[in-house]
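The structure under discussion appears below in the form of structure tokens.
A short reminder: the numbers here are calculations on the coordinates, not readings from a lab. Bear in mind that the values here come from a model prediction, so they are computed numbers and not experimental data. Cβ atoms come from the backbone with ideal geometry, glycine included; neighbour counts cover every protein chain shown.
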Amino acid sequence: MKFAVQALLGVSLLSVTPAFAAAPAPASQAAAMTPVHIKAVHDLLGAMQAEKVVRGVAARSRYQSEAQRKAVFAKLDKTPPAVVYQRMAAPLASVISADTATEMTRFYGTPYGKKVIHQKYNSGSQIMMPGMKPVVPPEEKKERKRAAYVQASKQLAEAEPAIEREAFKLLQMINKEK
């Protein structure tokens, strides 16, 4: 009897997925990355000006000397933005769905989306006094309520660490060139 219980317990443990195993990818991302998907991510990187993400990573990185820092930025200045998008698109296609890339590219193409990108990279810190509420233009309110935008912006926010990681990897590759 004890043997039967132990055998049954052993078989049941074999059929259970270990807690540390990776979860399967969602059906939308399990499909092979197509050229259309990679192109959509490429377009998204262009719309969100990913070359500025790479420059931001370079600015936050530590260098042995000021000369090395200047050399890295000189290499970045010589690297066209299209090359940055091309080299980051394929790795990021595994974490950004084609639907998200398409929706966020559309969003960043709107006047409000362009304003968001401009503020992200070009504005300084802003002080909000207690009790103050930011003025939200009607087009922004309308945009924030779109179901496709809400879902896409959530997925893009979740992909932000991967974008930073790929920007760092690209910065390392650019630094090793020439």
Just order 163-173, 62-72, 107-117, 84-94 by mean Cβ neighbour count inside 10 Å, highest at the front, would you?
84-94, 163-173, 107-117, 62-72
Please compare each pair in Lys52/Lys120; Lys70/Lys114; Lys78/Lys114; Lys52/Lys78; Lys52/Lys145; Lys78/Lys169 to a cut-off of 19 Å on the Cα-Cα distance and tell me which ones are over it.
Lys70/Lys114; Lys78/Lys114; Lys52/Lys145
Inter-probe distance in nm under a simple model that places probes 7 Å from Cα toward Cβ, at Arg144 and Gln64
4.9 nm
For Lys75 paired with Gln119, estimate the spin-label separation in nm (one decimal), with each label point 7 Å from Cα along the Cα-to-Cβ line.
3.5 nm
